[in-house]
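A.B. asks: Attaching a single structure in structure tokens format; questions to follow.
The values are calculated or read from the model by the stated rules, or taken from the named source; none is laboratory data. Owing to the predicted nature of the structure, the values given are computational and were not obtained by experimental measurement. Here Cβ is always computed from backbone atoms with ideal geometry, including for glycine, and neighbour counts include all displayed protein chains. Just the protein is used for accessible areas: all its heavy atoms, side chains included, with ligands, DNA and RNA removed. Shrake-Rupley method; radii C 1.70, N 1.55, O 1.52, S 1.80 Å.
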Amino acid sequence: MSLIAANRISYTINNKKLFHNLSFTIDAGSALHIKGGNGSGKSTLLRILLGITTPSKGKIELLKPNTKITYLGHKNAIKNYLTPIENLKLIFHQSNLESALDWFQRLGLSRVQDEISANLSFGQQKKLALIRVLAAPADLIVLDEPFVGLDDSSRNLLNKYLQESISTGSSLALTSHIRPEIISKELMLENFSND
Amino acid sequence: MIKIFQSEFFKLRKKLRTWLGPLLIMVLVLIAFPLSIDISQYDLNRFYFSIIVVALLMISFLSTEGIFLEDYEDGSLEQVYLVEQDFYKFVLAKVLTFVLLIGVPMAGIGSVFSILNGISINEVPKIFFMMFLSNLLLFNLFAFGSSLSINKGAILGVLATLPLALPIIILLGRGVRTIQHGIGFEGVMALMVGSGLLVASITPLIISATLKTHLE
Amino acid sequence: MSNLAFSSFNDFLHMDGHGVYVWSAYIISTFIILLAFLTIYRNIQLIRKRIKDARG
Amino acid sequence: MFSSFVHRFSSPKSYVEITRKFFPYISLFGFLLLLIGWIWGLAFAPEDAVQGNSYRIIYLHVPASIFAQLVYFFMSICALIHLVWRVKLAAYLIKSAALVGAMITFIALFSGSIWGIPTWGTWWQWDARITSTLILFIMYLGIITLHGSFSNLEKADRLMSILVVVGVVNIPIIKKSVDWWSTLHQSASITISDGTSIDPSMLYPLLISIFGMGLTLISLGILSSKFYILTREKNKKWVQSYV
């Protein structure tokens with residue numbers, strides 16, 4: 001069963017083409033790896049999948065209503081004047097908070113729980129932001145360069161988590177320069193020349 | 001809804017500079033004005049309200065200038081968007097939090113300073129209530145302005161929203177006059193309550209549309 | 001159309017002392033409008049030339 | 001179906017082609033009418049009993065004030081069209097009309113204050129109409145600045161449209177409240193008399209100047225929008241073959 005179907009979508013910005021006539025589907029329990037050079041529109045495509053950005057032409061359809069989506073983009077959505085725990089409390093309500101705190105420990109962040117988030121290193125902030133995805137079960141997981149800045153052990157943790165979610169029927173769409181250890185469809189975005 | 005409201009309140013409370021700064025500036029302006037002018041107490045009583053009103057205008061502009069900037073830049077806004085039915089509530093909660101944490105104390109400061117200028121104690125609740133309502137209107141309006149310009153700074157905000165703020169200022173000035181003269185207060189009050197409720201419920205919708213445009 | 005409102009050309013320029021205001025208002029406004037026309041016209045020529053050059 | 005209809009007939013290409021056909025007639029007719037109206041008003045219309053000859057600024061000031069508001073009204077219709085159907089042309093028209101609007105509002109303000117010197121003895125009066133015209137001028141500037149400050153032009157178009165629509169809802173409120181406010185000044189010195197009781201010999205040239213001014217501004221708007229469309233769509237094929 002398909003979760004999302006893109007039908008001949010194009011995106012132009014200031015009359016410049018980013019991509020053109022793209023068609024694909026994302027099925028339940030499968031992963032889509034979006035590849036392409038810098039500026040080929042990978043992040044934009046993810047945002048179109050999420051429904052944040054509207055494609056200039058074509059249609060993107062969410063086939064299943066009430067799909068629960070989790071997303072982590074370039075921006076971490078972390079309040080840097082709060083401690084990590086306070087941040088998690090803002091994101092999660094009662095039910096998922098325990099699992100969030102569990103991940104917090106497994107990712108080795110308990111050392112910094114009393115610091116404010118601004119003092120965390122880049123990798124630590126990234127881990128903290130990833131908990132948003134890890135601790136909340138979702139039908140569709142959308143990740144923009146999730147492996148950047150992570151150390152090997154947390155990279156393995158993330159890979160394992162994604163593997164598991166897919167086997168339980170969730171879908172995944174991600175961009176990554178590092179090849180993820182997940183069997184996935186690949187979508188190559190070519191750099192469009194504007195002549 | 002209460003959950004969103006609580007977390008907005010929590011975040012703003014943690015940002016001392018954002019809410020305490022404007023209030024201190026307001027106190028400074030209201031103290032500096034009488035010191036900087038060489039006129040009698042009688043004349044001062046006539047003019048001082050105008051300064052309080054202009055201070056309300058400026059400080060509410062100042063305090064809402066970056067109201068959505070932080071959430072826009074750190075990506076929280078995108079995350080809120082994904083739970084789309086919450087976008088209106090989010091904006092509403094945010095603006096109301098600002099009104100409660102900055103607007104209400106501002107109205108308090110304004111009314112205290114109006115006592116110092118020959119308003120009797122009995123009239124203070126009226127003054128306070130009126131200033132609170134005009135702050136509600138102004139915060140909504142300037143929140144709209146800052147959602148338009150998000151990271152483009154104050155000049156744009158002034159140009160885009162100051163013209164729209166003038167009716168509120170006129171209404172507030174009119175209201176203060178009715179208190180000084182002791183007649184017609186209820187009429188102005190009813191108008192302010194009505195427009196306050198209307199604006200406070202419609203503006204978040206417009207702001208949501210604006211923020212969505214920014215996210216695209 | 002009725003008759004001329006002024007008996008001489010000097011009267012017409014002077015307008016009982018109000019001529020300064022009337023004429024300055026008209027002349028400056030006309031100047032602004034003409035300037036707008038000319039600027040936009042010139043800009044159109046420029047952009048056309050630029051598009052042609054870019055095309056080669 | 002309706003939206004596809006709107007889109008087909010609102011392509012910038014057909015707009016530029018159609019307006020190019022009409023432009024010479026509109027501009028020529030406009031200039032001519034304006035010239036006739038002004039000469040009639042300046043030289044032939046009788047002198048005003050109260051204000052003397054200074055009233056002759058009316059043939060400049062009143063058309064300018066009328067179009068200061070009409071241009072905004074036009075922009076708000078375009079803004080609605082842009083927001084509802086996402087018609088690009090509508091946004092282009094708003095942007096180019098805003099420049100024309102700012103210009104004509106400035107002329108209205110400027111001619112008004114020159115008129116004020118002989119009639120009121122001062123070039124500025126915090127009168128309701130003048131104040132709301134000044135506010136209108138600031139709104140035009142705000143719209144232009146808002147659009148100019150974003151690098152993503154599609155975004156800028158939508159934000160500008162939102163501001164224009166919010167502004168048009170506010171215009172009657174601003175007018176009403178400023179009127180209300182000016183009654184606070186008990187000694188409101190002189191108000192401009194209403195145009196209803198104006199003598200035909202003064203009215204005809206006024207009507208002609210209004211029409212002339214309108215057509216002149218439309219032709220200015222056509223030029224301005226053409227420039228803007230060429231700038232925005234310079235990468236499109238039709239522009240390449242058009243120039």
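A.B. asks: Being in contact (Cβ under 8 Å) with a residue 60 or more places away in the chain and touching a strand residue (DSSP E or B) at 6+ places or on another chain (Cβ under 8 Å) is the filter here; which residues of the stretch D:198-242 pass it?
C.D. replies: Result: D:202, single match.
A.B. asks: Looking at D:108, D:102, D:91, D:128, can you tell me which residue is over 15 Å from the mean Cα position of the chain (by Cα), farther than 14 Å from residue D:76 by Cα and touching a residue at least 24 places away in the same chain (Cβ under 8 Å)?
C.D. replies: Result of the check over D:108, D:102, D:91, D:128: D:128.
A.B. asks: So, one more: Looking only at the stretch A:130-170, which residues are part of a loop (DSSP other than H, G, I, E, B), charged (D, E, K, R) and buried (at least 16 other Cβ atoms within 10 Å of the Cβ)?
C.D. replies: A:139, A:145
A.B. asks: It is to be established whether one or more residues within the stretch A:64-78 are at the interface with chain B (Cβ under 7 Å from one of its Cβ atoms), on the phi > 0 side of the Ramachandran plot and assigned to a loop (DSSP other than H, G, I, E, B).
C.D. replies: Quick first cut of the stretch A:64-78, residues at the interface with chain B (Cβ under 7 Å from one of its Cβ atoms) only: A:69, A:71, A:73, A:75-78.
So of that shortlist, the ones also on the phi > 0 side of the Ramachandran plot come out as A:77.
Checking the rest, the ones that are also assigned to a loop (DSSP other than H, G, I, E, B) come to A:77.
Looking through the stretch A:64-78, at least one residue is at the interface with chain B (Cβ under 7 Å from one of its Cβ atoms), on the phi > 0 side of the Ramachandran plot and assigned to a loop (DSSP other than H, G, I, E, B).
A.B. asks: Name, by its number, the condition in (1) assigned to a helix (DSSP H, G or I); (2) out of contact with any strand residue (DSSP E or B) (no Cβ under 9 Å at 6 or more places or on another chain) that does not hold for residue C:3.
C.D. replies: (1)
A.B. asks: Another one. Please find, within the stretch A:110-123, the residue that is surrounded by the fewest Cβ atoms within 10 Å (Cβ to Cβ) out of those that are out of contact with any Pro (no Cβ under 8 Å at 6 or more places or on another chain) and not in a loop (DSSP other than H, G, I, E, B).
C.D. replies: First pass over the stretch A:110-123, keeping only residues out of contact with any Pro (no Cβ under 8 Å at 6 or more places or on another chain): A:110-111, A:114, A:116, A:118-119, A:121-123.
Filter once more, so that each one left must be not in a loop (DSSP other than H, G, I, E, B): A:110-111, A:118-119, A:122-123.
Working: A:110: 13, A:111: 8, A:118: 11, A:119: 11, A:122: 10, A:123: 14.
Per the criteria, the residue is A:111.
A.B. asks: Checking the condition more than 14 Å from chain A (Cβ to nearest Cβ), surrounded by 16 or more Cβ atoms within 10 Å (Cβ to Cβ) and of a type in the set (Gly, Ala, Ser), which residue from B:40, B:63 passes? Break it down into steps so the answer makes sense when it comes.
C.D. replies: Details: B:40 fails: surrounded by 16 or more Cβ atoms within 10 Å (Cβ to Cβ).
Just one listed residue meets the conditions, B:63.
A.B. asks: Looking only at the stretch D:226-243, count how many residues are open to solvent by less than 10 Å² (accessible area, probe 1.4 Å) and either closer than 30 Å to residue D:57 by Cβ or facing another protein chain (nearest Cβ under 9 Å) (or both).
C.D. replies: Summing the residues that are open to solvent by less than 10 Å² (accessible area, probe 1.4 Å) and either closer than 30 Å to residue D:57 by Cβ or facing another protein chain (nearest Cβ under 9 Å) (or both) in the stretch D:226-243 gives 3.
A.B. asks: Scanning the stretch B:66-100 for residues that are surrounded by fewer than 20 Cβ atoms within 10 Å (Cβ to Cβ) and away from chain A (no Cβ under 14 Å), which turns out nearest to residue B:18 (Cα to Cα)?
C.D. replies: It comes out as B:100.
A.B. asks: Provide a single number: the residues in the stretch C:11-56 that are more than 8 Å from chain D (Cβ to nearest Cβ) and surrounded by 15 or more Cβ atoms within 10 Å (Cβ to Cβ).
C.D. replies: Number of matching residues: 3.
So that you can scan it fast, the table gives a plain yes or no per residue for (1) closer than 19 Å to residue B:71 by Cα; (2) among the β-branched types (Val, Ile, Thr); (3) open to solvent by 50 Å² or more (accessible area, probe 1.4 Å):
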| position | (1), (2), (3) |
| --- | --- |
| A:36 | no, no, no |
| A:39 | no, no, yes |
| A:45 | no, no, no |
| A:52 | yes, yes, no |
| A:57 | no, no, yes |
| A:65 | no, no, yes |
| A:69 | no, yes, no |
| A:73 | yes, no, no |
| A:84 | yes, no, no |
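A.B. asks: Same structure again: Consider residue D:59 carefully, then state whether it is within 14 Å of chain C (Cβ to nearest Cβ), in contact (Cβ under 8 Å) with a residue 12 or more places away in the chain, open to solvent by less than 90 Å² (accessible area, probe 1.4 Å) and aromatic (Phe, Trp, Tyr).
C.D. replies: The answer is yes for residue D:59.
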